[in-house]
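The values are calculated or read from the model by the stated rules, or taken from the named source; none is laboratory data. Everything numeric here is computed off the predicted structure, so don't read it as measured data. The area values use the complete protein model at the heavy-atom level, side chains included, leaving out ligands, DNA and RNA. Shrake-Rupley method; radii C 1.70, N 1.55, O 1.52, S 1.80 Å.
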Amino acid sequence: MAHLQGRRVLRSSRGIWPALAAPGLIWLLLFFVAPMYVVLCIVFGRLDPIFRTAVPVWNPLQWDPSQFMYVINRIVGPDGVFGPALLRTAVFVLTASALCLLIAFPVAYYVARLSGKRKGLLLTLLIAPFWISYMMRMFAWVNLLQDDGLVNRVLSLGGLFTPDVNWLTGQPVVVILGLVYGYVPYMILPLYAGLDRLSQPMMEASRDLGADRVSSFWRVTLPLSRPTVVAALLLTCLPMLGDYFTSDMLSASPKTAMVGNLINDSVLTPGQTGQAGAFVMLVFLAALLPMLYYIRVTGRRSEVAS
């Protein structure tokens, strides 16, 4: 009798889980898979010769790869005008992500493991940047970095010097620091969430076995937090790959143009919507590799835990 009841419970639970997953699957189909297919239909579609507008082709058997190959040839071919922007995007994103990690990990570790009764206050301060729009925060930096802004005033030491630094005229360092400033809150919060869930008994066991704080951190805390670090990097890198607003606000120069700027310019230019879609597909493929690595890391962790 107990065996039959167990089978009934198992059958009923098998029906519950697909029902619970259905809303998420429908959401992904409507707002991810379907828009991605529309992008593909535009990329491999055709161009209206009169109105210079993109005409999507819905049948994959009739797709035309000419627009996609045009973008590829302008990246790696002899006329590689888009190549520097893609390489610049990779350098900017990797550098900014590394700086975000260097800033965010100590902050998140302190709040999660060492803040004690001040944890609530510190969490409020960490969430505070999200109350102000990204655009307004960039506007603040524009005012600070103008020729007569506060930064140059500080460098002049009260008028003793005349700093000849034009911060807003295509300085790569300014764009990278702007990305760090804009996206570091997105890295702190997931790092805090992961570090706060680390197994306290396991870390205490390392201390009981004679490890000091530094050794315990490198041998226990850091390996356990690796999936959290990868997730935080993904949550930071992926928006950076398509970012164009930071470069426009803090530079507005072709010398610091990123792939997001190429997408934005292509969308605003008549007849280049298909090229913008090609750039979107390239960004998606570049973002797919670290996502697969994250799935692999978390899968290994689940196997070890089981």
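Tabulated results
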{"quantity": "Percent breakdown of C-alpha pair distances by 20 Å bin, ordered from the shortest bin, for the chain", "calculated": "23, 48, 26, 3, 0"}
{"quantity": "Sulfur and carbon atoms: percent of accessible area, segment 83-305 [1.4 Å]", "calculated": "68 percent"}
{"quantity": "Which of 202, 281 is most accessible, then next, and so on - probe 1.4 Å", "calculated": "202, 281"}
{"quantity": "Part-to-part distance (alpha-carbon centres) for segment 59-94 and segment 252-271, which is given in Å", "calculated": "13 Å"}
{"quantity": "GNM top mover of 163, 84, 201 - the chain, alpha-carbon springs below 10 Å", "calculated": "201"}
{"quantity": "Solvent-accessible surface ranking, highest first, for 249, 69 at 1.4 angstrom", "calculated": "69, 249"}
{"quantity": "Surface accessible to a 1.4 Å probe, residue 237 within the full protein complex, Å²", "calculated": "30 Å²"}
{"quantity": "Exposure ranking of 105, 31 by accessible area [1.4 Å probe, largest first]", "calculated": "31, 105"}
{"quantity": "Residue-normalised accessible area of the chain, expressed per residue, 1.4 Å probe, Å²", "calculated": "62 Å²"}
{"quantity": "Solvent-accessible surface (1.4 angstrom probe) belonging to residue 295, in square angstrom, nearest 10", "calculated": "110 Å²"}
{"quantity": "Area of residue 199 that stays accessible when all protein chains are in place (1.4 Å probe, Å², to 10)", "calculated": "50 Å²"}
{"quantity": "Highest-fluctuation residue, 54, 232, 276 considered, GNM on the chain with Cα pairs under 10 Å", "calculated": "54"}
